[in-house]
1. Can you pull out the residues in the stretch 1-48 that are closer than 14 Å to ALA83 by Cβ and touching a Ser or Thr at 6+ places or on another chain (Cβ under 6 Å)?
2. Out of all the residues in the stretch 30-41, is one or more buried (at least 16 other Cβ atoms within 10 Å of the Cβ) and aliphatic (A, V, I, L, M)?
3. Does the stretch 77-113 hold any residues that are part of a loop (DSSP other than H, G, I, E, B) and surrounded by fewer than 18 Cβ atoms within 10 Å (Cβ to Cβ), and which are they?
4. Just checking, how many residues over the stretch 8-48 are in a helix (DSSP H, G or I) and over 21 Å from THR96 (Cα atoms)?
5. For VAL65, state whether it is of a type in the set (Val, Ile, Thr) and not in a helix (DSSP H, G or I).
6. So which residues in the stretch 53-62 are assigned to a helix (DSSP H, G or I) and over 11 Å from the mean Cα position of the chain (by Cα), if there are any at all?
7. Could you check the stretch 62-76 and list, in sequence order, the residues that are surrounded by 12 or more Cβ atoms within 10 Å (Cβ to Cβ) and in contact with a helix residue (DSSP H, G or I) (Cβ under 6 Å, 6 or more places away or on another chain)?
Amino acid sequence: MLSSLKALNLLVMFLLELAVYVAVALWGFTASDKWPVKVLLGVGAPVAMIAVWAMFGAPRAPYAVHGGGRVVLEALWFGAGAAALAASGRQGWAATFVGVYLVNAALRFLWNQ
């Protein structure tokens, strides 16, 4: 039973990571009235986030951070997702996102994931 819950928690972590990309893209496409800016931010911001996660946060990242560095990376990463949701006018979704992330992070810490 506990192993199933741990696997589910890791799935939630992955879905939260994907939600950051969606949130940043949503913010980018709503950040301006000018379509070139919308496209640049809506596509460019998630691409930049992908590059950062691939370099530092992914399981096989070449410069993976651990310990306190990982805590800082996750705070900035998921904080950016919540901020992007709030900036795009979805404060309720941003609060929900933060709540789910905090529960997920607490369980990952308790279960040493």
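1. Passing the criteria: LEU26, TRP27, THR30.
2. Checked against the condition, which is being buried (at least 16 other Cβ atoms within 10 Å of the Cβ) and aliphatic (A, V, I, L, M), the stretch 30-41 yields at least one hit.
3. Answer for the stretch 77-113, where residues must be part of a loop (DSSP other than H, G, I, E, B) and surrounded by fewer than 18 Cβ atoms within 10 Å (Cβ to Cβ): GLY89, TRP111, ASN112, GLN113.
4. 14
5. yes
6. ALA54, MET55, PHE56
7. VAL65, LEU73
Here's the yes/no breakdown for (1) in contact with a strand residue (DSSP E or B) (Cβ under 7 Å, 6 or more places away or on another chain); (2) modelled with pLDDT of 95 or more; (3) among the aliphatic types (A, V, I, L, M):
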| position | (1), (2), (3) |
| --- | --- |
| ALA48 | no, yes, yes |
| ALA58 | no, no, yes |
| ALA87 | no, yes, yes |
| ARG90 | no, yes, no |
| ALA94 | no, yes, yes |
| PHE97 | no, yes, no |
| LEU110 | no, yes, yes |
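The values are calculated or read from the model by the stated rules, or taken from the named source; none is laboratory data. Keep in mind the model is a prediction, meaning the values are calculated, not measured. Reconstructed Cβ throughout: ideal geometry from the backbone, glycine too, with neighbour counts over all protein chains shown.
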